[in-house]
Amino acid sequence: MINKAKEAKEKFEKIILSQLERVEKMKKKADWIDYASTSPIMIGLCHGDGIGVEISKHAETVLKTMLKDELETGKIKVKDIEGLTIENRAKVNKAVPDDVLEEIKKCHVILKGPTTTPQDGDKWPNIESANVAIRKELDLFANVRPVRIPSEGIDWCFFRENTEGEYILGSKGFDVTDDLSVDFKVVTEQGSERIIRMAFEYAMKNDIKYVTVVTKANVVKTTDGRFSRVARRIAREYEQYGIKQDEWYVDIMAAKLIDPARRKDFRVIVLPNLYGDILTDEAAQLQGGVGTAGSANVGKRWAMFEAIHGSAPRMVKEGRAKYADPSSMIRAEAMLLNHIGFPDYAKKLNMALDICTLYEKKMEITGRDNGATGEELTKYILERVNDPGLEANWKKYTST
Ligand code: IPM
Ligand code: MG
């Protein structure tokens, strides 16, 4: 038993040292990339696997339509990055194969299709999630996930911490003995500060006076306790702008997201990684399903845009891949366009998406053969994007 404890202590020491090193790296403040002076802007397309193959094909068509002029002038270049499939990742036994990571790093932003994340007992080797690995490798610390239900006055923007929490060492836990397993949760001052500050900045820029912080600091006292403390410290800086912060525990927050009397009040929600993972799926389901929600993974140098959901192997197995909803990736694309400096294109695309999936709804995606295919929905979205009366049409729906 003493030997086992000693082995564990050695592993733990290594983990602590690597985390201390990471903290030092975070302390070196880098500047944000400036897209206005970046030419060409390189967009990498990773198609993923499962339904990713299908929906990223549609997302690619939309992206190339939106950026037609810039692709022609060479201001923007789009390149395919092969090899981020579960088959290839399993073959080389890596979350992200080295050559793929190298290609990703040569781009500025990535549009990524869903990729399969194995767990123990699957037919695949139990490798780390590609999403998690890329987020860590590129230091994409902010996972921004908007969810809107206009008919109910819901307009939420989640700022999920994207590199720490239970995720950072999710593949580094270990079985100490045949009976005892240990995982780790890591929260740092710097990691908390950067995501919380981003949420407050967003609130300030968008004239939102209320930021909700989600933790379980009453039980998880040290790590969530730090997140909570940092949030209160940063909130004090923003009091002068009339922004208030409020802290909710994750369990009651999950309940309040489905409470019609309360949920409209939430606007900007900032939370540690795992709570963000869970609550954003819940929120997306309320909006119409996880297939409707996009996600931006943002760091100072790189950013990656993707659906909030996974590769849905069940849909593929049941022959339903072509009925998968591409609007998750297309919403993510609107975030991408905004991020690289084309807010007008982003607005146009979001308006077309709103018309097609929320208001006019000439067709509906159900994920089954009683609904539209992803290809049909994409065509419909492009029709609306190219409609000269797009904005007037959208206003007609939103002003009533
Ligand atoms: C998400 C996904 C990922 C996560 C999975 C695929 C690893 O659920 O982006 O929310 O847990 O972060
Ligand atoms: Mg998730």
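The values are calculated or read from the model by the stated rules, or taken from the named source; none is laboratory data. Fair warning: this is a prediction, and the values are worked out from it, not measured in the lab. Counting neighbours? That spans all protein chains shown, and the Cβs are built from the backbone with ideal geometry, glycine included. What goes into the accessible areas is simple: the full protein's heavy atoms, side chains included, and nothing from ligands, DNA or RNA. Shrake-Rupley method; radii C 1.70, N 1.55, O 1.52, S 1.80 Å.
Tabulated values for the structure
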{"item": "Residue list for the stretch 149-172, filter: among the acidic types (Asp, Glu), within 15 Å of ligand 2 (Cβ to nearest atom) and in a strand (DSSP E or B)", "result": "Glu161"}
{"item": "Matching residues, the stretch 266-306, being part of a strand (DSSP E or B) and either within 10 Å of ligand 2 (Cβ to nearest atom) or among the β-branched types (Val, Ile, Thr) (or both)", "result": "Val268, Ile269, Val270, Ser295, Val298"}
{"item": "Lone qualifier among Asp207, Asp175 - being at positive phi and either open to solvent by 60 Å² or more (accessible area, probe 1.4 Å) or modelled with pLDDT of 95 or more (or both)", "result": "Asp207"}
{"item": "Candidate set: the stretch 178-204, residues that are part of a loop (DSSP other than H, G, I, E, B) and charged (D, E, K, R); chosen: the one least open to solvent (accessible area, probe 1.4 Å)", "result": "Lys185"}
{"item": "Residues located in the stretch 21-38, provided they are basic (Lys, Arg) and in contact with a Ser or Thr (Cβ under 8 Å, 6 or more places away or on another chain)", "result": "Arg22"}
{"item": "Which numbered condition Lys185 misses (of (1) over 20 Å from Glu21 (Cα atoms); (2) basic (Lys, Arg); (3) under 21 Å from the mean Cα position of the chain (by Cα))", "result": "(1)"}
{"item": "Matching residues in the stretch 100-131 - criterion: being exposed (fewer than 13 other Cβ atoms within 10 Å of the Cβ) and more than 16 Å from ligand 1 (Cβ to nearest atom)", "result": "Glu102, Lys106, Gly121, Lys123"}
{"item": "Number of the exception - Val96 against (1) modelled with pLDDT of 95 or more; (2) open to solvent by less than 20 Å² (accessible area, probe 1.4 Å); (3) under 30 Å from Arg267 (Cα atoms)", "result": "(3)"}
{"item": "Of residues in the stretch 303-337 being open to solvent by 10 Å² or more (accessible area, probe 1.4 Å) and touching a strand residue (DSSP E or B) at 6+ places or on another chain (Cβ under 7 Å), the one modelled with the lowest pLDDT", "result": "Ile308"}
{"item": "So Glu60, is it modelled with pLDDT of 95 or more and in the same structural domain as Ala324 (by TED's automatic domain parsing)", "result": "yes"}
{"item": "Any hit, the stretch 42-50, residues being of a type outside the set (Phe, Trp, Tyr), open to solvent by less than 70 Å² (accessible area, probe 1.4 Å) and farther than 23 Å from Thr378 by Cα", "result": "yes"}
